[in-house]
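The values are calculated or read from the model by the stated rules, or taken from the named source; none is laboratory data. Predicted model only: the values in this text are computed from it and were never measured. Note that we place each Cβ from the backbone using ideal geometry, even for glycine, and neighbour counts take in every protein chain shown. Ligands, DNA and RNA are excluded from the accessible area calculation, which covers all protein heavy atoms including side chains. Shrake-Rupley method; radii C 1.70, N 1.55, O 1.52, S 1.80 Å.
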Amino acid sequence: MTQQQKRAIVSVIGKDQVGIIAKVTTLLAERNINILDISQTILQEFFTMMMLVDITNLEDLESLQQQLAELGKSLGLTINIQREEIFQAMHRV
Amino acid sequence: MNFAMTEMLETIRMVQMENLDIRTITMGINLRDCADSNFEKMKQKVYDKITAYAKDLKAVAEKTEKEYGIPIINKRISVTPIAEILGTASKEQAVELAKTLDEAAKTLGIDFLGGFSALVHKGISKGEQTLLDALPEALSSTERVCGSVSVGSTKAGINMDAVRQMGEIIKKAAELTKDQNGLACAKLVVFCNPVEDNPFMAGAFHGTGEGEAVINVGVSGPGVVLNALKRYPDADLGEVAEIIKKTAFKITRAGELIGRVVAERLNVPFGIMDLSLAPTNAMNDSVAEILEEIGVERVGTHGTIAALALMNDAVKKGGAMASSYVGGLSGAFIPVSEDNGMIRGITDNALTLSKLEAMTCVCSVGLDMIAITGDASAATISAIIADEAAIGMINNKTTAVRIIPVPGKKEGDMVEFGGLLGRAPVIGVNPYSSEKIIQRGGRIPAPLQALTN
């Protein structure tokens with residue numbers, strides 16, 4: 001990883017249904033955001049997905065946050081995007 | 001991916017379900033260069049400097065919290081102890097300056113500004129006496145200004161003349177705000193061994209050893225620690241300490257990261273992380289409930305102090321490893337009115353004033369946000385302060401008293417302070433008089449502990 005790259009984690013949590021990944025990734029693609037890694041599982045009946053995305057060239061994280069939140073609301077899911085460093089700080093020495 | 005799913009979920013759960021947040025980002029601002037023999041000029045300089053330095057504090061903090069997904073609850077400011085710049089100003093002018101500080105806080109949209117303070121642990125200078133005289137009116141005629149007074153230290157002993165005055169000041173401040181249950185007293189802390197870089201209110205001020213401006217950070221995470229412990233109901237106490245330590249480490253790292261980002265974006269040096277666990281009135285965000293989870297049925301019963309000592313120490317051990325610069329108070333905060341578990345302890349008669357005093361011996365801070373009966377005399381309040389100061393002086397630690405003698409209220413009544421300050425059950429004080437020890441005045445000499453050189 002280059003030091004200049006800014007990365008964020010998109011987390012999607014909620015009731016499993018058809019097309020979650022398609023809808024989230026479509027939105028990200030529309031905003032020209034590259035997905036670096038993706039991991040998905042069903043935890044206690046809950047659909048849980050984490051995506052590592054490159055936001056180096058993203059000017060406006062806030063509007064993306066809003067778009068994701070709205071998409072989440074329409075699907076009954078919680079979708080968040082936050083900078084990767086917070087996970088780094090909390091879970092790596 | 002660099003992280004396991006469980007790790008990422010843990011962070012998200014801590015924020016969304018367990019109230020992990022940055023309790024406060026506090027910008028310390030030096031006001032010494034605002035001193036001026038012309039009071040009007042000084043007032044303008046103070047206002048201009050604060051509003052210029054902290055212009056972007058709120059906006060930057062709000063942007064950062066969104067980006068990193070960790071809420072920053074309060075943005076605050078601490079300033080040079082105002083007594084140090086008062087010079088020959090009159091009491092009325094000191095009150096006016098408090099109003100100027102209040103206005104600056106409102107302009108910036110921050111909830112509290114601390115530093116209407118005086119350090120009088122050995123003697124009282126002219127400016128400091130002016131500030132003490134102005135305190136009741138200053139705190140009752142402003143909304144967001146917080147004050148603090150240092151009346152003792154391990155190195156200097158306890159200034160009992162200042163302690164006597166503080167009893168009277170607190171009574172007067174309560175009387176002036178009797179319509180709001182003595183709210184002015186909730187913004188006034190009496191210290192022994194205060195620290196210069198405390199980010200938490202009401203006791204924050206920007207000490208003399210500090211630079212031009214600084215960012216200090218306090219995190220909050222009782223809910224996170226409580227939930228971590230709940231997952232291990234059968235752990236022995238060594239394991240309990242380990243769980244608290246690990247949790248404190250994670251909480252502190254999050255705080256340190258956010259603090260550093262905010263400091264960098266504001267182009268102000270990062271000062272310290274305060275490792276205190278600060279409760280809120282939110283469900284399950286209580287320090288007392290952690291003690292109850294460790295194994296006392298109600299906070300205040302036998303075993304409480306052992307549990308508190310274990311918890312406080314484990315938080316420090318975890319936090320000290322997580323942050324490069326630890327400072328502030330870094331102890332357990334157990335403000336009664338802001339912690340649902342503490343409130344319940346008192347209403348269920350498990351927790352008393354004497355037990356609260358004893359708890360101070362093993363954690364920092366002291367008697368915080370305690371409502372007592374309105375008929376408690378000034379001398380009794382002074383004596384309560386003297387007791388706490390003595391604990392701090394002898395044990396080389398910070399202790400503080402933030403006590404509210406609620407006018408017209410009796411033991412058992414419940415009073416509301418509103419907002420973050422919460423609500424508190426009124427507790428009774430010892431009916432016997434402490435008048436004589438307070439009237440004697442003078443200074444309690446510095447203890448042997450001071451002779452360390």
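Numbers at a glance
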item: Normalised contact order of chain A, rounded percent, pairs of Cα under 8 Å and 6 or more residues apart; result: 42
item: Tensor-based shape of segment B:378-453 (alpha-carbon gyration tensor, a/c under 1.5 rounded, otherwise prolate or oblate); result: oblate
item: Centre separation in Å (Cα based) which lies between segment B:148-196 and segment B:354-390; result: 11
item: Accessible-area value, B:Val195, 1.4 Å probe, nucleic acids and ligands omitted, Å²; result: 30
item: Cβ neighbours within 10 Å from other chains - mean over B:250-257; result: 3
item: Charge sum, other residues only, whose C-beta stays under 12 Å from B:Ser148's C-beta, Lys/Arg counted +1 and Asp/Glu -1; result: +1
item: Using a Förster distance of 25 Å, the FRET efficiency for B:Lys155-B:Glu435 (Cβ separation, nearest 0.05); result: 0.30
item: Charge dipole of chain B about the Cα centre (unit charges at C-beta), most positive-ward option of B:Leu367, B:Val151, B:His302; result: B:Val151
item: Convex hull (Cα only) mean projected area of the protein assembly as shown, reported in nm² to one decimal; result: 26.2
item: Degrees, to the nearest 10: A:61-75 long Cα axis against longest axis of chain A; result: 10
item: Cleavage-rule hits (trypsin sites (Lys or Arg not before Pro)) in segment B:360-453: DSSP loop, at most 12 neighbouring Cβ within 10 angstrom; result: B:Lys410
item: Per-residue ³J(HN,Hα) for segment B:342-359, Karplus 6.51 cos²θ - 1.76 cosθ + 1.60, θ = phi - 60°, Hz, x for Gly and Pro; result: 5, 4, 5, x, 6, 5, 8, 6, 8, 10, 10, 4, 5, 5, 4, 4, 5, 4
item: Loop sites in segment B:30-72: trypsin sites (Lys or Arg not before Pro), DSSP, at most 15 other Cβ within 10 Å; result: B:Lys55
item: For A:Thr26, solvent-accessible area (1.4 Å; no DNA, RNA or ligand), Å²; result: 70
item: Accessible area, probe 1.4 Å, largest first, for residues B:Glu7, B:Glu264; result: B:Glu264, B:Glu7
item: Chain B: relative contact order in percent, alpha carbon pairs under 8 Å with at least 6 residues between; result: 18
item: Segment A:7-91: C-alpha gyration tensor shape, a/c 1.5 cut-off, then a/b vs b/c; result: oblate
item: Shape call, chain B: gyration tensor on alpha carbons, a/c limit 1.5; result: oblate
item: Neighbourhood net charge (11 Å Cβ-Cβ; Lys/Arg +1, Asp/Glu -1) for B:Asn159; result: +1
item: Cα centroid separation, segment A:28-63 to segment B:18-41 (Å); result: 39
item: Simple Cβ-charge dipole of segment B:142-232, Lys/Arg +1 and Asp/Glu -1, about Cα centre, in debye nearest 20; result: 460
item: Sequence of B:Glu388, B:Glu210 from largest to smallest accessible area, 1.4 Å probe; result: B:Glu210, B:Glu388
item: Efficiency of FRET from Cβ geometry, A:Lys73 and B:Glu175, R₀ 45 Å, rounded to 0.05; result: 0.30
item: Which of B:Val190, B:Val362 is most accessible, then next, and so on - probe 1.4 Å; result: B:Val362, B:Val190
item: Per-residue SASA entry for B:Met414, accessible area with 1.4 Å probe, Å² rounded to 10; result: 80
item: Candidates A:Asn80, A:Asn32, A:Asn57, ranked by Gaussian network fluctuation over chain A, Cα under 10 Å, top entry; result: A:Asn57
